Structure formats: C-alpha cells, structure tokens
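Working notes, beginning with the structure itself.
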C-alpha cells in the first residue's frame, strides 16, 4: 500500500508545473530551479537509513517514521492547497513533500528487506515484484486522473486531494506489526540513542567511504554522475507545449499516462533483450540513439511535423512514448551496475548512496538546463532559441561517452535474485 501511495503521489506533478507557470508566473528557468531544489532530499537517502536503523522513535524503528512521513506529506500538500502564494513558500512545501516520499521510501524498502530475509528466492522475488508493481500501478492511476482533475477543478483542488494520500501511509503504518525496541518503554528515544547513533553512524560512514574510495566503485560512480549531469530542456519544453501549442492539462495527463506505460515497456525491453549485453555497449547504444531521437523535439518546435501531416498532439504522444521506453531501458543498466558494485554487507547502504549520486547528477543536469534556458533568452512567452537549446542539450548527452572505459567490461552477469531486487529499485 505504501508503494502504491508513492506511485499515486504523482497526481500533483502536473499540477505543480501549471501552478508555477500560471499562478506564480515563473519563467522556465525559475521553474527548473525549484524542481531541482525539490529533489535535494533524494540526495541523502543513506542518512534516512542511518536514522531509522539507529534511532527508534517512540520505541519503533519503522512504524513511527512511516507515520511521521505521512503526516509531513499531508502537511506540505495541505499548505500548497491553502496558504502558499509565492515561489519561496511553494519551493519549501514541495521540498517537504519530497522529503516525506524519500524518507518513507527508505523505511519501507528496509521493511521489505527484513520481511524477505530468510524467505525462498521465489517468495522474495514475488514480494519485490508486488512492491514494484503496486508503485507502477499507482503511477498509472495518477497519470490517468492528473490532467482531467486539473482541467476540471484547478490546481488547489488537486493539491487538496494529494494531501489526503500520505495519510494512507500513516494509517497503514499504525497497522504494521513491529516489536518495540525497548520493551514497554514508550516515548521519544532520540535523546537516549544519541551516543549510540553517532557511533553507529561513524562506523557506517567509515565502511561506506572504504567501499566508495575503491577504484572499482569510484570510477563507475563518477561515470554515472557525469552521465546524469548533462543539461535538460524539459522545463522549457513544458512551457512551449502549453503556452505556444496550447496543450491542455487533460491532454498532458494523457501523455503522462502513455509515458507511465512506456516506462513499463522500457523495463520489459531491457529484461527481454538487453540484460545479457555488456554494460558499455548498452550505454553507448542507448546514449547515441537517445541523443538522435531527442532531436525530434525540434520538429515539434519548428512545426516540421505538420508538414508531414502529423498533428502536434499525435507527434507529442508518439515522441514521448519512444523516448520514455528508451530512457527507461537505458536507466536499467545504472541499476545493474549499482547492484554489481555493492560489496557483501554494504548492499543497502552503498546502493542508496549510488542512487543518491545518480539523483545528484540529475539535479545538476536540471540546474545546468535552467542556466542555459536563461542564457538562451527563453521565457514563458518567447521560444525563438528553443530549438538551439534542444540541440545543445541532446549533443551534450554524448559528452560522457569517451569515459565509457570507467565502466567494468564484460557481461552484466547478474543472477535472477539480483534481477528481482533491481526490478523493485528501478522505481
């Protein structure tokens, strides 16, 4: 259920974009900065694991934090639905909502790992698939309703509905069976766990640094960061499609539904045809193909698609479908690589760290895209240089290719059990 809530929380993503554009009247560069800022909680996911493992809250290591995360998410979206009226308060509330999801994601992942420990491979794989499938289904549901609700009732209503969803996490968390850490002792244990927490964190950090500093881990991690850190033009394209082409929230909701399904197809494409292909070949082929196909957005910007008899709407749907399938298929090797790099005994912590590095690269890419958007003079109603921005961003995605030598050679060599773990983590 928690994974389903995480997926369905995407309900507000489209509303946030329209709110920043239409209600706060922000330019594309400003909206991109806020989006990057809101992703900061995902950069320190290992810290949440340290806290949950070492500092019981009201006697519980998991349940209490899930309740708290749900309440924090409900608070953030309630404020968005009622009081928020400027970019600073909006950015802060979006940040709180992101923190809520990131923390609950770490906690529920640890619960799944604990539940799967000692089970057969079949049972463990079924549990992982159920979790990932619940999140994917939630994402599809939110995509289906996000545009129509926004079109019919407005952004504040969507934020209000979204504020109710994290409460499901809190309610479900209360029902979780977990043994108290200190018998019948109740209350906040942070003060008493302080020294133990600091010592435990110190030891974990030392272990983590010892793993990361190894060349076999550090060099591939550096590649992942650089591969994700190339500039993006997503914010500028959103403004163009809505302000220039006149795409409605309902239509963009349909596009979002298509991309949600396309993500599943991308995972299937990787598992069916690419999982035994060497990582370097996959990164090279998908990056080259993605850069080439990404240029097709220039058709939409310049109107060339209409000269071929393809409407803007159908071109946008088809383009999003193809690019999302390719994007998801190209991201799966990142998860495979991260799983391969994790030494025994440090799997969860190092995997979370590597994903944080990947997320950090995405944030840097978004901020670079915001800077280029500003530099090219693209605003909410001026798109003269948008085609040039798209071309530059797609060409820049080729820059990490000379560094493919940083990746390990050979076949992925990931066993079935690893694949089941990766399926869940790709969420």
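The values are calculated or read from the model by the stated rules, or taken from the named source; none is laboratory data. Since this is a predicted model, take the numbers as computed values, not measurements. So basically every Cβ, Gly included, is an ideal-geometry build from the backbone, and we count neighbours across all protein chains shown.
Just one of the listed residues (81, 74) is in a helix (DSSP H, G or I) and under 22 Å from the mean Cα position of the chain (by Cα), namely 74. Taken as a whole, the structure places residue 256 among residues that are touching a helix residue (DSSP H, G or I) at 6+ places or on another chain (Cβ under 8 Å) and assigned by TED's automatic domain parsing to the domain that holds residue 402. In the range 218-235, the residues that are touching a residue at least 24 places away in the same chain (Cβ under 8 Å) form Cβ pairs under 6 Å with partners that are outside any helix (DSSP H, G or I), at six or more places apart or across chains, as follows: 220/407; 223/407; 226/400; 227/400; 230/397.
Out of curiosity, is residue 5 surrounded by fewer than 22 Cβ atoms within 10 Å (Cβ to Cβ), part of a helix (DSSP H, G or I) and modelled with pLDDT under 95? It would help to see each step written out before you state the result.
Working: surrounded by fewer than 22 Cβ atoms within 10 Å (Cβ to Cβ): no; part of a helix (DSSP H, G or I): yes; modelled with pLDDT under 95: yes.
No, not satisfied.
Checked against the criterion of being modelled with pLDDT under 90, more than 25 Å from residue 231 (Cβ to Cβ), outside any loop (DSSP other than H, G, I, E, B) and within 21 Å of the chain's Cα centre (by Cα), the range 331-338 contains one or more residues that satisfy it.
Screening residue 393 with (1) modelled with pLDDT under 95; (2) surrounded by 15 or more Cβ atoms within 10 Å (Cβ to Cβ); (3) closer than 30 Å to residue 244 by Cα gives one miss only, at (1). Residues 232, 328: which one is outside any helix (DSSP H, G or I) and either touching a strand residue (DSSP E or B) at 6+ places or on another chain (Cβ under 7 Å) or closer than 20 Å to residue 397 by Cβ (or both)? Answer to the selection: 232. Among the residues of the range 278-321, those that are touching a residue at least 40 places away in the same chain (Cβ under 8 Å) and under 23 Å from residue 248 (Cα atoms) comprise 294, 297, 298, 300, 301, 302, 312, 313, 316, 317, 320, 321.
When 323, 372 are screened for being modelled with pLDDT under 95 and at negative phi, only 323 passes.
For every residue, the table says whether it meets (1) touching a helix residue (DSSP H, G or I) at 6+ places or on another chain (Cβ under 6 Å); (2) at pLDDT 95 or above; (3) within 26 Å of residue 356 (Cα to Cα); (4) buried (at least 19 other Cβ atoms within 10 Å of the Cβ).
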{"site": "38", "(1), (2), (3), (4)": "yes, no, yes, yes"}
{"site": "45", "(1), (2), (3), (4)": "yes, no, yes, yes"}
{"site": "58", "(1), (2), (3), (4)": "yes, no, no, no"}
{"site": "67", "(1), (2), (3), (4)": "yes, no, yes, yes"}
{"site": "70", "(1), (2), (3), (4)": "yes, no, yes, yes"}
{"site": "75", "(1), (2), (3), (4)": "no, yes, yes, no"}
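Could you please let me know if residue 228 is surrounded by 17 or more Cβ atoms within 10 Å (Cβ to Cβ), closer than 20 Å to residue 17 by Cα and either in the same structural domain as residue 153 (by TED's automatic domain parsing) or within 23 Å of the chain's Cα centre (by Cα) (or both)? For residue 228, the condition - surrounded by 17 or more Cβ atoms within 10 Å (Cβ to Cβ), closer than 20 Å to residue 17 by Cα and either in the same structural domain as residue 153 (by TED's automatic domain parsing) or within 23 Å of the chain's Cα centre (by Cα) (or both) - is not met.
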